[in-house]
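Below is one structure, written out as structure tokens; comments come after it.
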Amino acid sequence: MEKISFDQLQEELFHEKLSNGLNVYILPKKGFNKTFATFTTKYGSVDNTFVPLGKNEYVKVPDGIAHFLEHKLFEKEDGDVFQQFSRQGASANAFTSFTRTAYLFSSTSDVEKNLETLIDFVQEPYFSEKTVEKEKGIIGQEITMYDDNADWRLYFGLIQNLYQNHPVKIDIAGTIESISHITKDWLYECYNTFYHPSNMLLFIVGPVDPESFMNQVKENQAKKDYKDMPEIKRKFETEPAQAAEMKQVLEMNVQTSKCLLGIKALHVDQTGDELLKNELTMNILLDLLFGKSSENYNQLYNEGLIDETFSFDYTQEQGFGFAMIGGDTGEPDKLAETLAGMLLKAKSKAIFNEEQLERAKRKKIGGFLRAVNSPEYIANQFTRYAFNDMNLFDVVPTLEKITLNDVQSLASEVISEERFSVCQVIPKKK
Amino acid sequence: MATVTEKITPLKGYNLHIIPTEKYKTNTLIWKMKAPLTKQDVTKRALLPQVLQSSSAKYPTTTALRSYLDELYGATFFVDLSKKGEYHIMSFSIEIANEKFLSDPSPLLKKGFELLAEILTNPNIKGNAFDQDTVGKEKRTQKQRIQSVFDDKMRYSNVRLIQEMCNGEPYALEVNGDSAEVEAITAENLYEYYKSAFLNDEMDLFIIGDVNEEEVKSYASELLHFEDRKSKKLGAQEINRANDVKEIKEEQDVKQGKLNIGYRTNIVYGDPDYFALQVFNGIFGGFSHSKLFINVREKASLAYYAASRLESHKGLMMVMSGIDLKNYDQAVGIIHEQLEAMKNGDFTDQELEQTKAVIQNQILETIDTSRGLTEILYHNVVAATNINLDTWLEEMQKVTKEEIVEVAKKIQMDTIYFLTGTEAGK
């Protein structure tokens, strides 16, 4: 077991890669009641074309299957794993993103037992035709719930505008039609391909003794017979650099319009330090442009184009990435036009100074300290970073190194009208 | 074992609550102001914190104020409003880095206090009024905030349930006020209201972090001092309950129906059977092992979510579920059966024990965040009780099956609200 110390943060992280390939990380947190653990596979909604374990040909699986599998893993022959967790005083959950599926629990007692339950339920699937059919009703309601959610429709509408071919444009839960094709055999095929320990990461954070927990995990894994895995083969179609659609307007049962402007990312083949620096620089750029202390924010607010729902965000993973800016607005077209104008201005000339950059960095550094108060943040983000060959604890040193020149050159490169797209939700005409 | 150490000191016009802990890398300051919910004040009260947070005398624009927060290593500052029973509460929260985790060691806590004092006591005023421009902008945002409830159907249906169920009671007032009342607010009358709120509200300051108690006391008494006051306690609750269950169906263009059912628990925080009510709710609908989740979702496959939650100071329980329009009768039937089962004591010792374990866990997890901890401690302020957390947990663990059945018998269904699609019944 290796120990990695972060002196400024006063944290220590313990790591070991087990013989079956599983990466285990433990971060002791003194003073907390709760232990939080996540068991995550590098498998999400975008992994829909791959060579199944033991086969030679690529297959394309029904949309929404990674998420469906996540639901079904909780059900066992003798009942539901939620019940077992709650008997042990834990609260359990799971989520599926574009690139990951995570299973998690938190508890303040019986932590060893809960950890055993977490690892075992994820590693012992039980799928039957009957329970698969039953789940279609539940997930169908989950999909319908999102269909009525204007913010979700706006978010996904924008991704669909930006991407032509990449499966990031497919809704994570799929559609009622696509999940109707899911069978237990499909679920086993996906499970066997993506749930091998060498494609997974276990993160434990809380008031724990790292030595004894690491031993527990090792003993648990030693009892299971995992064969070495060949490398997983995934396939993605080529994706043009420009946005697929310039604009999409959705009419919904709302009273206030919504508008998001998206920018399709460049360099989505990056990993490791390169990716870390790029996404942090992008975050700083967006904060300088649209943060609450920026001139632009003030102008937008004063003109009544935005309200407190205004936000911006940047996502970058292997193969796709996007920035999104916007929120509720009385004038969706004017907001889209104004945001585009503000972006293009930052592309064409150097508009930021050292003082602003320094302030933006400080804000990010303080934000990182606040974030590491949260065991959930640490476990989820550390896993995401690790799957992209980055280290969460490099955030502050990397931020400190970003220069005005880095920000400016990123702005002139990434901001480009051909990669812009706009999605709006407007009130349905009666 | 003391789960939480909370030291309460009365200062000029408010109580200071210090909760020293080493677990965070930041320090949190939360200022709370509480007054009875009234139709006359609710809209002004909802606007006031928004105006205060947008600028101050020293930082006269949002840009100036927000730039200063960024400089303080991205200190966060936000305001929010809540209803606790028939009280309306404004909260002002600042979270600021603890400099011992930064390479720059200049002290930050005092700056956090100074900023809080600046925002609360030194607003951006012109003569006898707030800055006109600011009030104008914030009025516009407030109208949008009130209107946006309509667009979030889950929230909307919950608000509608409360409006129908508590019609004529102060609790029916919306936390953000009434859109029609916004226009009448002026920079002058809002400033009047500001002065009166700081003269009359019950006020509390919570400080959570790795802090020195004496240092905190000295900052607080030096920077924040107000007139002494007596807090306004509510009289007996007004309850307008019809004898029959009200059933409201509202049609809108939605794909999923939202079913919200309101009950009167007839039990509030501080009552001896409050702990049994908590356990009741846990078995009935609070968790993913509860009767509602198992029967509405897992067995009948009718919903993705089906849960219940309590309002502890008003004495309400709300059940919510998102269902297909055609399954209304079946879902209402199943929910009704689960409450009957509770009244008949039809739950196992295992359900009882697992629910207690999960509640214990939930409370201990909540107090791992400074905000969650403050919300839990604030219950004592609202209810004018003094139940420490250890007592809370012990009492909850002692609850018996018989006590839960007694609680179940006190619970009365009041109103069923269903937001249904325009093609209902087809």
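The values are calculated or read from the model by the stated rules, or taken from the named source; none is laboratory data. Model, not experiment: these values are computed from the prediction. Heads up, the Cβs are rebuilt from the backbone with ideal geometry, glycines too, and the neighbour counts pull from every protein chain shown. Only protein heavy atoms, including side chains, enter the accessible area calculation; ligands, DNA and RNA are left aside. Shrake-Rupley method; radii C 1.70, N 1.55, O 1.52, S 1.80 Å.
With N the number of residues in the stretch A:13-100, Rg(Cα) / (2.2 N^0.38 Å) evaluates to 1.38. Ligands, DNA and RNA aside, A:MET1 has an accessible area near 90 Å² when probed at 1.4 Å. Considering only A:ASP287, A:ASP63, A:ASP148, the mean-square fluctuation computed in a Gaussian network model of chain A, springs between alpha carbons under 10 angstrom, is largest for A:ASP148. Over all Cα atoms in chain A, the spread is summed up by Rg and Dmax: 22.7, 65 Å.
In this view, the solvent-accessible surface of A:ARG419, computed with a 1.4 Å probe and all protein chains in place, comes to about 10 Å².
For the stretch A:355-402, a drop of 40 Å² or more in accessible area on going from the chain alone to the assembled protein chains (1.4 Å probe) is found at A:ARG359, A:ARG362, A:LYS363, A:LEU369, A:ARG370, A:ASN373. Lysine pairs in the stretch A:247-427 with Cα distance under 18 Å, only those 8 or more apart or on different chains: how many are there? The result is 18. Exposed loop sites here mean GluC sites (Glu not before Pro) with a DSSP loop assignment and at most 13 other beta-carbon atoms within 10 Å; chain B contains its longest site-free run at B:239-422. Based on Cα contacts under 8 Å between residues 6+ apart, the stretch A:247-427 shows a relative contact order of 44 percent. Short-range pairs are left out: with C-alpha atoms under 8 Å and at least six residues apart, the relative contact order of the stretch A:2-222 is 36 percent. Once C-alpha pairs closer than 8 Å and six or more residues apart are averaged by separation and normalised to the residue number of chain B, the relative contact order reads 22 percent.
I'd like the distance separating the alpha-carbon centroids of the stretch B:48-108 and the stretch B:364-407, in whole Å. Result: 29 Å between the Cα centres. Taking the alpha carbon gyration tensor of the stretch B:32-112, multiplying each eigenvalue by 5 and rooting it gives semi-axes of 30, 16, 8 Å, largest first.
Averaged per residue, the stretch B:123-270 has 46 square angstrom of accessible surface, using a 1.4 angstrom probe with ligands and nucleic acids left out.
Spread over its residues, the convex hull of the C-alpha atoms of the stretch A:342-387 is 118 Å³ per residue.
Treating each Cα of the stretch A:185-281 as an identical point scatterer and summing with the Debye formula, the log10 of I(q)/I(0) at q = 0.12 Å⁻¹ comes to -0.86. Over the C-alpha trace of the stretch A:304-430, radius of gyration and Dmax come out as 17.4, 55 angstrom. Here the convex hull built on the C-alpha positions of the stretch B:7-223 has a volume of 141 cubic angstrom per residue. Cut-off under 16 Å on the C-alpha distance; same-chain residues fewer than 8 positions from B:LYS255 excluded. Which aspartates and glutamates are left, in chain and number order? Once the sequence-local aspartates and glutamates are set aside, what remains near B:LYS255 is A:GLU142, A:ASP147, A:ASP148, A:ASP151, A:GLU177, A:GLU251, B:ASP151, B:ASP152, B:ASP324, B:GLU423. Count Lys and Arg as plus one, Asp and Glu as minus one, and take only other residues whose Cβ is under 14 Å from that of A:MET342; the net charge is then -1. For the stretch B:1-35, a reduction of at least 20 Å² in accessible area between the chain on its own and the assembled protein chains (probe 1.4 Å) is found at B:LYS23, B:TYR24, B:LYS25, B:THR26.
Computed over the stretch A:2-222, the range of Cα coordinates on each principal axis works out to 48, 42, 38 Å, biggest value leading. Considering all alpha-carbon pairs of chain B, what whole percent are spaced by more than 27 angstrom? Roughly 58 percent, rounded to a whole number. Within chain A, the whole DSSP H helices whose Cα atoms reach 20 Å or more along their own axis and whose mean Kyte-Doolittle score is at least -0.5 are A:272-290, A:332-348.
Could you tell me whether the protein assembly as shown comes out rounded, prolate or oblate from its Cα gyration tensor? Rule is a ≥ b ≥ c as square roots of the eigenvalues, rounded for a/c under 1.5, then prolate if a/b exceeds b/c, otherwise oblate. Rounded, since a/c falls under 1.5.
In units of the compact-protein estimate 2.2 N^0.38 Å, the stretch B:243-311 shows a Cα radius of gyration of 1.33. Computed log10 I(q)/I(0) for the stretch B:246-420 at 0.14 Å⁻¹: -0.77, from the Debye equation with unit scatterers placed on every C-alpha and solvent omitted. For the stretch B:367-426, with all protein chains in place and a probe radius of 1.4 Å, 49% of the accessible heavy-atom surface sits on carbon or sulfur.
Bridges between two residues of the stretch A:247-427, per DSSP, are antiparallel at a rate of about 80%.
Pick from A:LYS224, A:LYS247, A:LYS29 the residue whose mean-square fluctuation is largest in a GNM of chain A, springs joining Cα atoms under 10 Å. Of the options given, A:LYS224 has the highest mean-square fluctuation.
Note on chain A: with neighbouring protein chains present and a 1.4 Å probe, carbon and sulfur make up 47 percent of its accessible heavy-atom surface. In the protein assembly as shown, a dipole from Cβ-located charges (positive for Lys and Arg, negative for Asp and Glu) runs towards its positive end, and of B:ALA307, A:ILE4, B:CYS166 it is B:CYS166 whose Cα lies farthest in that direction. Taking the protein heavy atoms of the stretch B:61-175 in the context of the full set of protein chains, the accessible area attributed to carbon and sulfur is 49 percent at 1.4 Å.
Over chain A, dividing the summed -39,500 (n - 2.57) contributions of all DSSP H runs of at least 4 residues by the number of residues returns a 222 nm mean residue ellipticity of -13000 deg cm²/dmol.
Chains B and A together bury roughly 5800 Å² of accessible area, counting both sides, with a 1.4 Å probe on protein heavy atoms only. Averaged over its residues, chain A has an accessible area of 40 Å² per residue, based on protein heavy atoms and a 1.4 Å probe.
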